[in-house]
1. Take the alpha carbon gyration tensor of the stretch 133-178, find the square roots of its eigenvalues, order them as a ≥ b ≥ c, and report rounded if a/c is under 1.5; if not, report prolate when a/b exceeds b/c, else oblate.
2. So for TYR130, TYR25, what's the accessible-area order with a 1.4 Å probe, most first?
3. Just grab the label-to-label distance for ASN77 and ALA116, each label 7 Å out from Cα along the Cβ direction, in nm (one decimal).
4. Would you check the accessible area of ARG40, probe 1.4 Å, heavy atoms only, in square angstrom rounded to 10?
5. Going from most exposed to least, what order do LYS129, LYS60 have by accessible area with a 1.4 Å probe?
6. Using a 1.4 angstrom probe and counting only protein chains, how large is the accessible area of ILE153 in Å², to 10?
Amino acid sequence: MQSKELTYSMTCAASVSLREMMETYGQDVWNYAFFLTRSREQASDISQEVFLKAYKSIGKYRGESTLKTWLLTITRNTAFSLRQRSFWRRFVPLGKHEDTRAALSAEKEAIGNQYANRIWEIIMELPDKYREVLVLDIQQDLPVAEMSVLLGIAQGTVKSRLGRARLKVRAAMKEGDL
C-alpha cells in the first residue's frame, strides 16, 4: 500500500517538474527547433517529442550542464534524427515577429520589420554550422562554454564559427545594402 502511494507521489512530482520544465523552457525549445528545421509544424512536433524524451529520461540528467542546455541538446539530436529520416530541405521564410517596442509609425514599423526579416533570412541561408551558433548566441543567449557542450565541439571552434557567421552576415548585408 505504501509503495503505491510513494509511486503516485513520485509521479505527481515528476509531472509537476515536467510542467515547470515546459513552462520555463518550452518557448526556447520550440524556437531552437524552428531555427534548425525552418518549419513551424516540425518545430512543434520536435518540441513535444523533446519534452516526452526529457520526462522519460530525467533520471539520466547528470547536472553537468544547465537544464536548458540539456533540453536544447535533446532538441538538436531530435531535429537531426528527423533530418536523417526524411527529405526536407526546403526554406520556409520567417513570419512576422511581434514588436514589443513602443508604437511606431506604420512606415517605420514596416521598414523595421523588413530589415529584421531580411537579417533573419540571411541567417537562415547560412550553412548549418554557422546558423546554429548564431541562433544559440542571439536567440538562446547561451555562453560559449554551454554552446561547446551542446554542440560537442571545442570552445575555440564555437568562437571561430561565431566570428565567421557574423562576418558572413555582415558581408551579405553590405551586398544587399542593409
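The values are calculated or read from the model by the stated rules, or taken from the named source; none is laboratory data. Fair warning: this is a prediction, and the values are worked out from it, not measured in the lab. For neighbour counting, all protein chains shown are included, and Cβ atoms are generated from backbone atoms with ideal geometry for every residue, glycine included. Just the protein is used for accessible areas: all its heavy atoms, side chains included, with ligands, DNA and RNA removed. Shrake-Rupley method; radii C 1.70, N 1.55, O 1.52, S 1.80 Å.
1. Here the stretch 133-178 falls in the prolate category.
2. Working: TYR130 25, TYR25 50 Å².
From most accessible down to least: TYR25, TYR130.
3. Once both label points are built, they end up 3.4 nm from each other.
4. Using a 1.4 Å probe on the heavy atoms, I get roughly 110 Å².
5. Heavy-atom accessible area, descending, gives LYS60, LYS129.
6. 40
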